[in-house]
Amino acid sequence: MSVNDDMFVSASNAFSNFAVIMHPFRNTTAGGAIRCNMRYNTADRYVHSVAVVGIAKNSTNAEHFLFVFAAEKMSTMTPYVCIGHIMKSTCISTVQCTDMGTGGFHQEYFLIGVDNNGIFAYGFSNSFAFKLDIYANNITLNVSTNSVWPSSGFIPHAMDVADTWAVVAGYGYSDDVKKNYAALGCLIDLSMIINASCTNLTSETTYLVPSNVISYNELYELSVGIRGQKVLVGVHRLSMFVILRNLGSSLNVTLRPSLSYPDATSFGRVVDWAGDTTIAVLVLNPDTTSWSKSQVFFYNERSVMLTSPLFTFPNNQQILGSRLSRPSFARFGITSEGNMAILTDNADILIIPLASAGYTSIWIDTIERVFVFYFQPKLCIGGTYKNRSSLGPCQICPPHTRNPGIFANAVLQCIPCSNNSSNSSCPLASLVDIDLNTVPTYSQAVAYPETGATTDVEDLLLKNMFQLNSDPRCLIISPLLWTLIVSGICLIFLLIMVVIKFCGCEQGIKCRQRTKDIFKHTDIIGEGEMWAGGLATLAIVVLVSFSYWFSVSFIRRYPIEEVVEPATFACDQSLVNAQFSSGLELLDIPKSEESQPIFDLLDAQIFYLTIELINTGFMCDSIKTQENFIGTKYVSLSNNCTQSVSEAITSITFPIPRHETTVQINMTGPYWIGAIRLCIRGEGQINMNATLRQLDFCQFFSTPNQAIGRLTYIPIVFIKNINMTHGLSESDQTLYSGIWMPTFTAVSLSDEAYYVEFGNYLRYMSSLTIIQVMLDERPFFIKNIEQPIVRTAELIFKSLLFTSLCIELFGFTFLIVKLFIVPLFRSLPYLWKKCRGQNDKLNSSNGSTKSSFRSNSSYKKESTEKIEIDQMMAFGTDPSIFNQNQQDKHKKYSTSNIELNLSEINYRF
């Protein structure tokens, strides 16, 4: 094959046909390409090589096209050169041929090329070389190879022609004596052809088998490409290419990289320049892509390594359609303007025009039965950009930049993401700036409650009844505070009663007496004997009322599933009437009859898997779902797919056939995925005492600043979580509720490390993105048990005990007052008088001492009697009893028995 920007020609000896394409790279708006078939006019022809001229210089309206070819009459083994003429509008063709010798032996290699001006054609074989004036159809120069090559035995294998010079690569003797062959690159001066200057292309010392050099052997193929003063030579056998520079009279090797791709059976069979510094190399690699058995690798001449290709063709943006069935590339050529044509082993032709910045040439699908397949420049897809003209794909947007793929104009640079907050997701190949708040992770898995430090209702009552806290809310609802307040009011009332007594108001005394009678009837401490006990009963009622309020409110806070409001009746608002325990049990252990339904519901629940592809351009028609079996077997699963272009989110939902299985989502296309949100949902159900809770959880997967890899495994392990809730009373039924709890492990999401080590071009080598979700179940389940701290009957009994406790506490307080406080107050006047009497002794005579003693004794007696009367009134005792007692004591006892009589009064109190 041969190609330039005006014409493409390929020769098929099997079909005795030339495939001719005129204006092969012209777009459809300008008229498109014109295809013609030009049959051989004889069956006795074998075409060795072909070279296009293009539009004839004397053509009117670009109607006349020319090409030349070197052929051989197989019957006589006569080589000849021909000029092919073809008319664009009619495809009418003619051939003008000239014999180059008498024949007699077969030409293994017969090369032909046309200079850049399209005027002369040059041919080389192992026995002769010639110069052909194309327009005059005249051989202007025909010489033997002895005058061309510096050594005998030179076999030309490839050539390329510039304007005034050409380079022929082949195998010749590096040692004429030993007849050792070497790969040589020879510079030809086209003005005279003779005396070529040859340079060793390789530094190998391995002896080359002459039969492999002289006769055609694919392994020994060479190729040549010229760009400016630089020459590129591919050495297929050594998987290498050589870059040389034309120094005017000789060639100088400037670069000799040697590459060996894994599993590559061919490298460097065909090479060409794709630009001033870009090299294109044909590589046969059967395991690389699903589109073809071959690829064209593009390198920068200054950086040629296994991991350094700029891009390859085909790729996930420049695929080959299924019509070609994974062809192998036989030849390719790149024109001076950068367009490329490829000839496959099935004689199909690929036409790939150079795409300007912001565009890439993509496959145009067709159902026509044709042998030519076209690529057409299209705008870069979402998430990519292109800032220079090339034959390759668009590049993915760097992190924190985006291309939504909806612009009508070319995108030369991606747009910076506007949202730089921590909730922004704008990784590689982004289409939009995603707000992570719109795709949150949420789970129904919560920590099972722990039982509080206090599980005894008596301790809870004591703690909550006798507690003072600095928190205003706690202080307001504190029973102790209100009890103290009521006690304070009672004390004030007591003081008022004392004041009324000493005022001597007859009306007040009557009211006081009636009040005392009332409070005696409410006295539960002294059993109706003390009106002061009736006052204290009010405080007891307040404290006990709070305890009953607490008890009723507390017992209602069970089970915890029905507790929706905070505990406003206690300082600790999280207080619940529940205690918890949790543990693991094996699923193989036989279940009780009442617990078996919850296991049946869990096993029968259908899971619905939703995969949200975030920041992606994958469309619904390119997504398939399947369930994988052992080996390579699988069955397809139907799915429901929705796509939001503005949000760049594609969502796929489908039921999972089993709880333990592997499902796979296949996405075909040249797009990437910024993040994944995986959600599993299932409907709830109630069966008697068993409640299957609705399943709904989502897990977000992403990797910082990177795209999701082409193959991602997400394992999910499910655990049955069963809650067992005992009834509030012994007669109540035990309730069971269950839910599946997922557990996730860390997964590898990005292929970035792989690309860094093996080459960034690999991220464009596959158009299939796979997400596998592997579901499994643990052989045990979590059993959570909830039961009340106190039940109704027990709480009633405890409340009565607390009531009794409160009465006893107040009774004990009265006892303390009687035993300690009252005697203390009684002794104070006596001690005061005694202290005062001693002071008087020091200041008076002996005679006055006795009188003073009597006076003090009388005063002391009166004061003591007055105090005792006041105490009796305070405790509801009639002072007349005291008067009667005094009279009796005067009759029975002497003055020295005062303290004994006081103890008797205390006993009666």
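Data for the structure
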quantity	calculated
Sequence ranges 741-748, 398-405, 724-731, ranked by mean other-Cβ count within 10 angstrom, highest first	398-405, 724-731, 741-748
Under 15 Å from the residue 592 label point (7 Å along Cα→beta-carbon), backbone N, the stretch 758-801	783-788
Highest-first arrangement of 432-443, 260-271, 380-391, where packing means the average Cβ count within 10 Å	380-391, 260-271, 432-443
Long pairs among 516/798; 463/783; 378/624; 293/386; 131/230, criterion Cα-Cα beyond 30 Å	516/798; 463/783
Footprinting exposure proxy for 35, 658 (fewest neighbouring C-beta atoms within 10 Å first)	658, 35
HN-Hα J in Hz across the stretch 537-551 - Karplus 6.51, -1.76, 1.60, θ = phi - 60°, x for Gly and Pro	4, 4, 5, 5, 4, 4, 5, 5, 4, 4, 5, 5, 4, 4, 5
Nearest 10 degrees, 0 to 90: helix 879-892 Cα axis against the chain principal axis	50 degrees
Inter-site label distance for residue 496 and residue 16 at 7 Å from Cα along Cβ, in nm	13.6 nm
Kirkwood Rh, angstrom, the chain [1 / mean 1/r, Cα pairs]	38.1 Å
Residue list for the stretch 759-793, given a label point 7 angstrom along the Cα-to-Cβ vector of residue 572 and an amide N cut-off under 20 Å	785-792
In degrees, nearest ten, helix 479-503 long axis to first principal axis of the chain (Cα)	20 degrees
Selection from 145, 76, 54, by position along the positive dipole direction of the stretch 36-158 (Cβ)	54
641, 198 arranged by Cβ crowding within 10 Å, fewest neighbours leading	641, 198
Placed amide H near residue 158: partners under 5 Å, 5+ positions off or other chain	169
Helical contribution to [θ] at 222 nm, DSSP H n ≥ 4, -39,500 (n - 2.57), averaged over the chain, rounded to 500	-7500 deg cm²/dmol
Cβ charges +1 (Lys, Arg) and -1 (Asp, Glu), total dipole of the stretch 64-180, debye	160 debye
Amide H contacts under 5 Å for residue 750, placed H, 5+ residues apart	709
About the Cα centre, charge dipole magnitude for the stretch 581-787 (Lys/Arg +1, Asp/Glu -1 at Cβ), debye	660 debye
Positive-end residue of 734, 223, 197, charge dipole of the chain with Cβ unit charges	734
Charge dipole magnitude, Cβ of K and R +1, D and E -1 - the stretch 259-416, Cα centre, debye nearest 20	260 debye
Relative contact order of the stretch 289-336, defined on C-alpha pairs under 8 angstrom at six or more residues apart (%)	47 percent
Fewest-first ranking of 16, 322, using other Cβ atoms within 10 Å as the exposure measure	322, 16
Label-to-label distance, nm, for residues given as residue 290 and residue 326 (7 Å Cα→Cβ offset)	1.1 nm
Residue-wise HN-Hα coupling along the stretch 213-224, computed from phi with Karplus coefficients 6.51, -1.76, 1.60 (Hz; x: Gly, Pro)	8, 6, 8, 5, 9, 4, 5, 9, 5, 10, 9, 9
Residues of the stretch 700-726 with amide N under 14 Å of a point placed 7 Å along Cα→Cβ from residue 582	719-724
Positive-end residue, the stretch 259-416 charge dipole about Cα centroid, Cβ charges, pick of 411, 329, 289	411
Cβ-based net charge around residue 65, under 14 Å, with every Lys or Arg adding one and every Asp or Glu removing one	+1
Using a Förster distance of 60 Å, the FRET efficiency for residue 447-residue 28 (Cβ separation, nearest 0.05)	0.35
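Values quoted throughout were computed directly from the atomic coordinates according to the rules given, and no laboratory measurement underlies them. As the structure is a computational prediction, the values presented were derived from the model and not from experiment. Positions of Cβ are generated from backbone atoms using ideal geometry, with glycine treated the same way; all protein chains shown enter the neighbour counts.
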